[in-house]
1. Which residue, of Tyr511, Tyr488, is closer than 15 Å to Asp369 by Cβ and either in contact (Cβ under 8 Å) with a residue 12 or more places away in the chain or assigned by TED's automatic domain parsing to the domain that holds Asp409 (or both)?
2. Just to be sure, is Gly483 farther than 19 Å from Ala410 by Cα, among the small types (Gly, Ala, Ser) and at pLDDT 95 or above?
3. Do you know which residues across the stretch 384-400 are part of a loop (DSSP other than H, G, I, E, B) and of a type outside the set (A, V, I, L, M, F, W, C)?
4. Just to be sure before I move on: is Ala149 surrounded by fewer than 16 Cβ atoms within 10 Å (Cβ to Cβ) and among the aliphatic types (A, V, I, L, M) in the structure I sent?
5. For the stretch 208-222, give me each residue that is touching a residue at least 60 places away in the same chain (Cβ under 8 Å) and under 21 Å from Ala378 (Cβ atoms).
6. Got at least one residue in the stretch 191-205 being at pLDDT below 90 and either buried (at least 16 other Cβ atoms within 10 Å of the Cβ) or among the aliphatic types (A, V, I, L, M) (or both)?
7. Does Cys185 satisfy the criteria of being within 24 Å of Asn324 (Cα to Cα) and in contact with a strand residue (DSSP E or B) (Cβ under 8 Å, 6 or more places away or on another chain)?
8. How about the stretch 398-418: which of its residues are touching a Phe, Trp or Tyr at 6+ places or on another chain (Cβ under 7 Å) and more than 18 Å from Arg530 (Cβ to Cβ)?
Amino acid sequence: MWLVAACPTSDPPAPSPVADAGGRDSIFPCSPECPEGYACEDGECVPACSPVCPEGTRCDGGVCVSAVVDGPGPDALRNPCGGFGEIAGLPGTPCGPCETGRWLCETEDVVVCVDPEGLNACGTCGELPGIPGGECGDAERWACAPDGALICVDWFDANPCLGTTTLTPPPGRACGACDAGYAACAGNNGTECVEPSDPAPCECDPATSPPILCGSETGICTRGLRFCEAGGRYGSCVEVDRAGPCVDGVCGEGETCLRERLGPFESLDDRCVTGDEPECDRATCVLLDVGRVCTDDEACSATQSCAGGRCRALVTWPIAELCNGVDDDCDGRIDNDERRTTICGACPFNMMLVTNEAREFGRRRICIDIYEASRPDATLEDAGSNERYSASNWDRMPWTGLTANEAVDACAGAGFNAQIPGGVPEKRLCVEDEWSLACNVLDEPYPYGETFEAGRCNDADAGLGGLAPTTSFEGCSHLVPGGRFPNYDFVGNAAEWVRGDEGAVVAGGSYRSRGAAALSCDSFAAGPARPGAETGFRCCAATATVTNFGDEE
């Protein structure tokens, strides 16, 4: 007797097949009829799949399973790469964020996306008319609009992430648990909170808790400080003014000595190379009492934070590389894109493009330093000590006292590019004709015009009696037609190594020179056997393999 009615909550038992006279199972329709949820197969009631299994699957014990079986059996279905597993994409079809790549079989069960071109710098597909942060007009730069387009805006209208919307919070502002994290750019028009694995303490004492080091010292990621604020928590990471190295752990009035541990090449201006040398430990004096007085962030601008009672600039962490002579994205390379090539267009930062269209002989285009070369760590008062590459900057003491071959290496960035290939743009020493052309592209005899003026540049008649920082003599300059910045100090100040027809010569005279013949755009003289404080150089853009002038003592 069937008990289905008496036990409505239990699965009905599978009916037994009918036995024939010989005791064998009969292959006949099930009797009695199979209950709901079962189907009759070969005279037996078995669980049925309901609804009916979709195409490509089969019913197995009441469950729909794949029709593909393991192994190369007769019922197996191979994928387009010849294997039996699932693959991520169909070979030959587009792939990648902008559908610019193609799926290809790597193995029988693995496909890879080959040669995809990713999103552009504004997070969309397709080419952009420029680079976010780059110049697009007089006092204007490219910025990303919220829709991903690149638009030209006033230099100060672009936000710190190179977008056009107000950022809340701005990059660098403290956020997260205990305000231990910082807001970082999430694209060009948004920020997200990045929280460290070792956060700052949740509580501190404004009267006794010292500032905490934060950030990094490469490029715009300038190392900063977190101050213990009145609320008893550490605030945002802010920049501080450096006042120079600590002497025996002591700094001047209003300054604090901080010890730092640098990583190899963390800063382009540091001599820390291997990580275990003395240069990687540095004690720095920082000036804390700067900026406008404040009580909270609302009293400061969007790119500042109220820290220690003063408005200080936020450390904004790596941003897209700009053409500014700074390692903005903190990768150890200056003014580079992901292909390690310059983003500055025709000429690297602080070089000018010069053509000789005004002259009668064949046209030439060259890039040449706007300023006399200096060491990258030079200042207004000190010539610096970092000799891994040359820089072109205003208000810097020139790099002098080196031989012509040493000038070649400095222009090429040999001391830096040997450690990080492509770390700085490679330049070369100029040749006589290039130097003369850049001195005055209008073919006038002096950088400032047709008539010689004693003392207009830093010469013997100026009365200074020694080197001056670059751009100290404003009248000793020449604005190249079509250019934005004048070139400076082609004559006087430091005599400059150039490549002559038969070897190295010096051009333009120095602070010791006197008279028109020694201080013109065509003044070339044999180089000194032992260069002194009056012998420097400037560089042209690297357009050929750099070679030296043979062996030097």
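1. From the options Tyr511, Tyr488, the qualifying one is Tyr488.
2. no
3. Residues satisfying the conditions are Gly384, Ser385, Asn386, Glu387, Arg388, Tyr389, Ser390, Asn393, Asp395, Arg396, Pro398, Thr400.
4. When the stated conditions are applied, Ala149 passes them.
5. Once the filter is applied, which keeps residues that are touching a residue at least 60 places away in the same chain (Cβ under 8 Å) and under 21 Å from Ala378 (Cβ atoms), the stretch 208-222 yields Thr218, Gly219, Ile220, Thr222.
6. Scanning the stretch 191-205 turns up at least one residue that is at pLDDT below 90 and either buried (at least 16 other Cβ atoms within 10 Å of the Cβ) or among the aliphatic types (A, V, I, L, M) (or both).
7. Criteria met by Cys185.
8. The answer is Gly413, Gly415, Phe416.
The values are calculated or read from the model by the stated rules, or taken from the named source; none is laboratory data. Everything quoted here is computed from the prediction, not taken from an experiment. Positions of Cβ are backbone-derived with ideal geometry, glycine not excepted, and every protein chain shown enters the neighbour counts.
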